[in-house]
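So the structure is just underneath, and the comments pick up after that.
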Amino acid sequence: MKEKPVIKAADAVARISDGDSLLVSGFMGVGTPVTLMKALRESGRRDMTLICSDNALYMGDPEKATGVAPNVLAKQFKKYVASHIGLNKETQRQMLSGEAEVELVPQGTLAERIRAGGTGLGGLLTPTGVGTAVEDGKQVITLEGREYLLELPIRGDFTLIRAAKADKAGNLTFSASARNFAPLMAMAGDTVIVEADEIVEIGTLDPETVVTPGIFVDYIVQRGE
């Protein structure tokens, strides 16, 4: 089984360019690849699109910013695609000032759009959002007397996710709720970079515990490096 490159975080994010779209795992900071996000912040990249569950926590004290919030504070993104921004005052400010675009997507719909992007589907039909602002600009399809929104798939230029363990072939396991969006995002990124809490030898992981197979992974980064 072929080993995947194990590289430093700075080398990993050096592959990212201004304007790229990023799928980033995490739910209110849980499962966020913080080493990669720190390296991304230090890289100075700009005008990117951030696709994530939420923008984590920032209520005015930069020292307490969690998850992707430090990158939001660094104004690295021109667009946010997320299910929730209510606990990040800076994202709200950027949206209201016109500095950045925010596309709010119901969380289940966001997950399924990413899944559709990863599995090659042309989209999905959901009743969620029919008759609300979510419907604006979208095609409404009626099936058996019920209206559905056609939601289009989401893919990203890069996926940045965190795993509990990665073997050197890129097979991944996750820790409890830190798993969240990571397996779906691993399928939907053109280049997938994994930050692992622990990197182990091939054959060490119980196959029954592997959630994301190594075929989806391009690079591995040791957490903290």
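Per-structure values
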| quantity | calculated |
| --- | --- |
| Residue match in the stretch 68-78 (condition: closer than 25 Å to Gly117 by Cβ, assigned to a loop (DSSP other than H, G, I, E, B) and touching a residue at least 12 places away in the same chain (Cβ under 8 Å)) | yes |
| Selection count where residues are under 16 Å from Cys52 (Cβ atoms) and surrounded by fewer than 17 Cβ atoms within 10 Å (Cβ to Cβ), scope the stretch 1-37 | 2 |
| Residues located in the stretch 209-224, provided they are hydroxyl-bearing (Ser, Thr, Tyr) and not in a helix (DSSP H, G or I) | Thr212, Tyr219 |
| Among (1) hydroxyl-bearing (Ser, Thr, Tyr); (2) touching a residue at least 40 places away in the same chain (Cβ under 8 Å); (3) in contact with a strand residue (DSSP E or B) (Cβ under 9 Å, 6 or more places away or on another chain) - the single one Thr142 does not satisfy | (2) |
| Exclusive hit being in contact with a strand residue (DSSP E or B) (Cβ under 6 Å, 6 or more places away or on another chain) and under 22 Å from Ser175 (Cα atoms), set Leu57, Leu50, Leu36 | Leu36 |
| Matching residues in the stretch 200-217 - criterion: being farther than 14 Å from Pro33 by Cβ and buried (at least 20 other Cβ atoms within 10 Å of the Cβ) | Gly214, Phe216 |
| Index of the failed condition, Asp167 passing every other in (1) crowded, with 19+ Cβ neighbours inside 10 Å; (2) under 13 Å from Ser25 (Cβ atoms) | (2) |
| Filter result for the condition that a residue is modelled with pLDDT of 95 or more and surrounded by 22 or more Cβ atoms within 10 Å (Cβ to Cβ), over Ala178, Ala188 | Ala188 |
| Residue in the stretch 14-25 that is touching a helix residue (DSSP H, G or I) at 6+ places or on another chain (Cβ under 8 Å), of a type outside the set (A, V, I, L, M, F, W, C) and at pLDDT 95 or above present | yes |
| Within the stretch 44-67, tally of residues that are outside any loop (DSSP other than H, G, I, E, B) and under 14 Å from the mean Cα position of the chain (by Cα) | 5 |
| Given (1) exposed (fewer than 14 other Cβ atoms within 10 Å of the Cβ); (2) part of a helix (DSSP H, G or I); (3) of a type in the set (Ser, Thr, Tyr), number of the condition Thr142 does not satisfy | (2) |
| Tally, over the stretch 95-137, of residues that are more than 18 Å from Ser53 (Cα to Cα) and either among the hydrophobic types (A, V, I, L, M, F, W, C) or surrounded by 15 or more Cβ atoms within 10 Å (Cβ to Cβ) (or both) | 8 |
| Pairs where the first residue, in the stretch 195-216, is at negative phi and among the aliphatic types (A, V, I, L, M) and the second is outside any strand (DSSP E or B) and exposed (fewer than 12 other Cβ atoms within 10 Å of the Cβ), C-beta under 8 Å, 6+ apart | Ile202/Met1 |
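The values are calculated or read from the model by the stated rules, or taken from the named source; none is laboratory data. Please read all numbers here as calculations on a predicted model, not as lab measurements. Don't worry about glycine lacking a Cβ; one is built from the backbone with ideal geometry, like all the others, and counts go over all protein chains shown.
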